[in-house]
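Here is the structure we will look at.
The values are calculated or read from the model by the stated rules, or taken from the named source; none is laboratory data. As the structure is a computational prediction, the values presented were derived from the model and not from experiment. Positions of Cβ are backbone-derived with ideal geometry, glycine not excepted, and every protein chain shown enters the neighbour counts.
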């Protein structure tokens, strides 16, 4: 492809991805083919143990596939030399259990994601403050996670995920431990990210209502995608 | 937020763990610094003997365990005197004696009155003793001041009463804290007739001291020459052994301390598995995680080292005030002692934290995040 050609390929593309755990008996993923366009919001649903979270961890380069190919943007993950840099530069992660560091303030929890980047300290602080404003937590930036509600914590986690301007956002059951009001707030944030910033979102959920807010739902069963 | 503020925050958040590590470092540093300053003090005291005669170099018997056990006879003194390039060679007998509780190692110098001038002795009061006077003594002005004695007073030493005939100065405080006796008298008191401990040599002006020293050593392999405190070990094996023991203790302190630091850091790693997993998941490089853990350990080591040095000053002062060591032990706090303390503290921290840091950096994010 020449430098003037536009890359029309999907943002995320997997082919025949398998993940077999060390004992060789459990195939968490058994030949997954998935394609997600740039700016698309895809929800992955399925029963517990079907491989949703495993797929998400492979897409985020938190783990490697046993076989198959995974491409995210221009990165071929099975050949990735520096997974840390890929995650830092391209990926935002939101977990069910927000995973905030308890001894840091909300601001510190957002800023810490940028500590490996080239941004100067002052800019990191400015950006963290700006992201907290975007998620509606300006006045709570100096609070620690224990001083925040579940919904507020998850909004801090979203702000952290966006700290390095990721091209894709992966969320693993981000609303699993939230009340319905907080669920709406977090989903609203995702929608804004997609429409305002063109971020590609892949969300894993059990919740049919949450999945309904996505552009497309992919259903998994026994390590395979059954309803593309 | 900076790397430093993050490190300080982490240290502050785990006060018990941090205190434990800092305390382990402090105890190791205290031990090493105290041993170092004590051995430095002993070395300085021993080497001070050499400075009394203001010689270009001093000759002693080779390989003795303590320089005061060195023994040279009159014939050797004469040979030294006749060595080309030697201007003067003064044979001196050195002994120590417990005078009272405040002076457990009072220095006694046996020297012929004819050698006093070339030895750099100035008579401040009274006169010099006679060459064969059996019960005459000169006191250094500091010793006379400490003992409250004057010319004409009696000074008990070597089991007999001696008349103080003069007060002298050598210009060297160690020499001025002792007493001088006629050489034959001190030899007789100590039953070493015809023997001296050291020979203080002055080289003919204009000649190279180092060349004369080298020529002398080549001609007299049974003897050794000492020009600086660092060459003291040539004639005093005890000091060499003591310094070797201090070095060995330093290495041991680093190793034992590293195990304690490593164990504590490893426990901390288990507590913070999710945290490290998260940092790796959000893109922290392994090197950054290693730097975080090692930095925490280094900051604690610096704090522990400062506490350890403070403790060593208190311990050294306490040791000096013990009745058994009063007047014997003079701690010498040198830059080397502090550097050694710092090396111990930082060595413990780096060695102890490296393995936990590498383990933290190599945690698989997925597994670490699922850790309960």
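Name the residues in the stretch B:1-13 that are surrounded by fewer than 18 Cβ atoms within 10 Å (Cβ to Cβ) and either at pLDDT below 90 or more than 7 Å from chain A (Cβ to nearest Cβ) (or both), would you? First the steps, then the outcome.
We begin by selecting, within the stretch B:1-13, every residue surrounded by fewer than 18 Cβ atoms within 10 Å (Cβ to Cβ); these are B:2-5, B:8-9, B:12-13.
Scanning the stretch B:1-13 gives B:2, B:3, B:4, B:5, B:8, B:12, B:13.
Just to verify a result, which residue in the stretch B:239-262, among those that are more than 26 Å from the chain's Cα centre (by Cα) and more than 30 Å from residue A:63 (Cβ to Cβ), is nearest to the other protein chains (Cβ to nearest Cβ)?
The initial filter retains those residues of the stretch B:239-262 that are more than 26 Å from the chain's Cα centre (by Cα), namely B:259-262.
After this cut, where a residue has to be more than 30 Å from residue A:63 (Cβ to Cβ) as well, the list is B:259-261.
Details: B:259: 28, B:260: 24, B:261: 21 Å.
Checked the stretch B:239-262; the qualifying residue nearest to the other protein chains (Cβ to nearest Cβ) is B:261.
Take the stretch A:81-115 and flag every residue that is farther than 20 Å from residue A:165 by Cα and more than 10 Å from chain B (Cβ to nearest Cβ).
Going residue by residue through the stretch A:81-115, those that are farther than 20 Å from residue A:165 by Cα are A:81, A:96-97, A:101-105.
Within the stretch A:81-115, A:81, A:96 meet the criteria.
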Candidates A:82, A:109 - the one that is out of contact with any strand residue (DSSP E or B) (no Cβ under 9 Å at 6 or more places or on another chain) and touching a residue at least 12 places away in the same chain (Cβ under 8 Å): A:109
Candidates B:353, B:295, filtered to the one that is within 14 Å of chain A (Cβ to nearest Cβ), touching a helix residue (DSSP H, G or I) at 6+ places or on another chain (Cβ under 6 Å), part of a helix (DSSP H, G or I) and under 28 Å from residue A:99 (Cβ atoms): B:295
Output for the stretch A:49-72, where each listed residue is without any contact (Cβ under 8 Å) to a residue 60 or more places away in the chain and part of a loop (DSSP other than H, G, I, E, B): A:49, A:61, A:62, A:63, A:64, A:65, A:66
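Taking residue B:118, is it in a strand (DSSP E or B), touching a strand residue (DSSP E or B) at 6+ places or on another chain (Cβ under 7 Å), at pLDDT below 90 and farther than 30 Å from residue B:321 by Cβ? First the steps, then the outcome.
Details: in a strand (DSSP E or B): no; touching a strand residue (DSSP E or B) at 6+ places or on another chain (Cβ under 7 Å): yes; at pLDDT below 90: yes; farther than 30 Å from residue B:321 by Cβ: yes.
Answer is no for this residue.
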In the stretch B:128-159, residue modelled with the lowest pLDDT [restricted to those that are under 34 Å from the mean Cα position of the chain (by Cα) and in a strand (DSSP E or B)]: B:157
Residues within the stretch B:14-43 that are outside any loop (DSSP other than H, G, I, E, B), within 14 Å of another protein chain (Cβ to nearest Cβ) and in contact (Cβ under 8 Å) with a residue 40 or more places away in the chain, tallied: 2
Evaluation of residue A:15 against (1) surrounded by fewer than 22 Cβ atoms within 10 Å (Cβ to Cβ); (2) more than 9 Å from chain B (Cβ to nearest Cβ); (3) touching a residue at least 24 places away in the same chain (Cβ under 8 Å); (4) in a loop (DSSP other than H, G, I, E, B) (one fails), failing number: (4)
Residue within the stretch B:267-287 that is surrounded by fewer than 19 Cβ atoms within 10 Å (Cβ to Cβ), in a loop (DSSP other than H, G, I, E, B) and either in contact with a helix residue (DSSP H, G or I) (Cβ under 6 Å, 6 or more places away or on another chain) or more than 14 Å from every other protein chain (Cβ to nearest Cβ) (or both) present: yes
Check on residue B:59, crowded, with 23+ Cβ neighbours inside 10 Å and in contact with a helix residue (DSSP H, G or I) (Cβ under 7 Å, 6 or more places away or on another chain): yes
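Of everything in the stretch A:126-146 that's within 21 Å of residue B:8 (Cβ to Cβ) and surrounded by fewer than 18 Cβ atoms within 10 Å (Cβ to Cβ), which residue is farthest from the other protein chains (Cβ to nearest Cβ)?
Within the stretch A:126-146, the subset within 21 Å of residue B:8 (Cβ to Cβ) is A:128, A:141-146.
Pick out the ones that are also surrounded by fewer than 18 Cβ atoms within 10 Å (Cβ to Cβ) and you get A:142-144, A:146.
Details: A:142: 12, A:143: 15, A:144: 11, A:146: 13 Å.
Among those residues, the one meeting the criterion is A:143.
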Failed item, numbered, when residue B:90 is tested on (1) more than 23 Å from the chain's Cα centre (by Cα); (2) modelled with pLDDT of 85 or more; (3) more than 14 Å from chain A (Cβ to nearest Cβ); (4) surrounded by fewer than 19 Cβ atoms within 10 Å (Cβ to Cβ): (4)
